[in-house]
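First the structure, in the form of structure tokens, and then the observations on it.
The values are calculated or read from the model by the stated rules, or taken from the named source; none is laboratory data. This is a predicted model, so every value here is computed, not measured. Glycine gets a Cβ as well: all are built from the backbone with ideal geometry, and neighbour counts include every protein chain shown. Ligands, DNA and RNA are excluded from the accessible area calculation, which covers all protein heavy atoms including side chains. Shrake-Rupley method; radii C 1.70, N 1.55, O 1.52, S 1.80 Å.
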Amino acid sequence: MDAIVSIRNMTVDFDQGHRFVRALHGISIDVGRGETVGIVGESGCGKSITWLAALGLLGKRARVGGRVMMGSKSLLELDENGLADIRGGKIAMIFQDPSSSLNPVHRIGRQLGEALRLHRGLRGSAAKAEAKRLLDRVGISNAAQRLNEYPHELSGGMNQRVMIAMALAGEPEVLIADEPTTALDVTIQAQILDLLRELSADNEMALVLISHDLGVVADMTERVAVMYCGRIIEQAATDTLFSRPVHPYTRGLI
């Protein structure tokens, strides 16, 4: 399978003032078009940092090395304008806490409309119609009414669906879901995961699922990478990894 995103020997060092501390130690992973990949490991192992670094979202205190390729573009060499075309448009990311990702003082319609304007150039009635369609697509009822509401008027599950709708606004080729169901109850978790699976299949969109929930990863993904202390220590097809794990840490994790 052709890789849509290819990460090679990526390192991340954080500036602590008097020294740099290494958080990632040479990460290499490919994501194929339409593929669903799971990234698992304990908290603090570097799962989220890997993709935040790839998209240039770690800030100025982080020093990122290695290569991140999307087609012929080297993401680590792009300036902010170049990265703005990639973020949301080519690669979108859903964060685990929608309450901290959505702006509490702006209505849902305005926030969705901004994403549509930035990534697809839609404005006015065209943007409103597409925002309503996206909310319908992610299973939010009374979409026209919800566009006029604020995040605090929606439940956690509905806000997570809004975040997915915003991620889909740019019609991305890769969707990175960072612990997308952590703050949700079990029933809503299942609905969100089914939605992600359906969207990935319908849009031929690659899905990277970052999670510490091995049951979710076993059910959702085709391939799994296991991370430990800033390294990928094992990669395999999902069935193979869960039936015949090689690394002792993977066996312990399972």
Qualifying positions in the stretch 237-254 - hydroxyl-bearing (S, T, Y) and touching a helix residue (DSSP H, G or I) at 6+ places or on another chain (Cβ under 9 Å): T238, T250
Residue that is nearest to the chain's Cα centre (by Cα) [pool: residues in the stretch 9-35 that are in a strand (DSSP E or B) and acidic (D, E)]: D30
From G38, G56, G26, residue being open to solvent by 10 Å² or more (accessible area, probe 1.4 Å), at pLDDT 90 or above and either touching a helix residue (DSSP H, G or I) at 6+ places or on another chain (Cβ under 6 Å) or under 15 Å from L207 (Cβ atoms) (or both): G56
Counted residues, the stretch 88-124 - those being open to solvent by 10 Å² or more (accessible area, probe 1.4 Å), touching a residue at least 60 places away in the same chain (Cβ under 8 Å), outside any loop (DSSP other than H, G, I, E, B) and closer than 23 Å to M69 by Cα: 1
Subset of the stretch 59-68 [open to solvent by less than 80 Å² (accessible area, probe 1.4 Å) and either under 19 Å from S101 (Cβ atoms) or in a loop (DSSP other than H, G, I, E, B) (or both)]: G59
Tabulated pairs, the stretch 190-219, first farther than 15 Å from Q160 by Cβ, second among the aliphatic types (A, V, I, L, M) and open to solvent by 30 Å² or more (accessible area, probe 1.4 Å), C-beta under 8 angstrom, 6+ apart or interchain: L214/L253; L214/I254
Residues of the stretch 209-254 that turn out to be open to solvent by less than 20 Å² (accessible area, probe 1.4 Å), within 21 Å of A53 (Cα to Cα) and of a type in the set (S, T, N, Q), as a count: 1
Residues that are surrounded by fewer than 20 Cβ atoms within 10 Å (Cβ to Cβ) and under 19 Å from Q96 (Cα atoms), drawn from the stretch 169-183: D178, E179, T182, A183
For D85: the one exception among (1) of a type in the set (D, E, K, R); (2) out of contact with any Leu (no Cβ under 8 Å at 6 or more places or on another chain); (3) in a strand (DSSP E or B): (3)
Long-range neighbours under 9 Å by Cβ, at least six apart or interchain, first residue touching a residue at least 12 places away in the same chain (Cβ under 8 Å) within the stretch 238-251, second aromatic (F, W, Y) and open to solvent by 30 Å² or more (accessible area, probe 1.4 Å): H247/Y228; Y249/Y228; T250/Y228
Which listed residue is within 19 Å of I7 (Cβ to Cβ), of a type outside the set (A, V, I, L, M) and either touching a Ser or Thr at 6+ places or on another chain (Cβ under 8 Å) or open to solvent by 50 Å² or more (accessible area, probe 1.4 Å) (or both), from G82, G71: G71
The one condition in (1) over 25 Å from R120 (Cβ atoms); (2) among the polar types (S, T, N, Q); (3) in a helix (DSSP H, G or I) that S6 fails to fulfil: (3)
Residues of the stretch 41-81 that turn out to be under 16 Å from T11 (Cβ atoms), among the acidic types (D, E) and within 19 Å of the chain's Cα centre (by Cα), as a count: 0
Considering residues of the stretch 1-23 that are aliphatic (A, V, I, L, M) and open to solvent by less than 70 Å² (accessible area, probe 1.4 Å) only, the residue farthest from T221 (Cα to Cα): V21
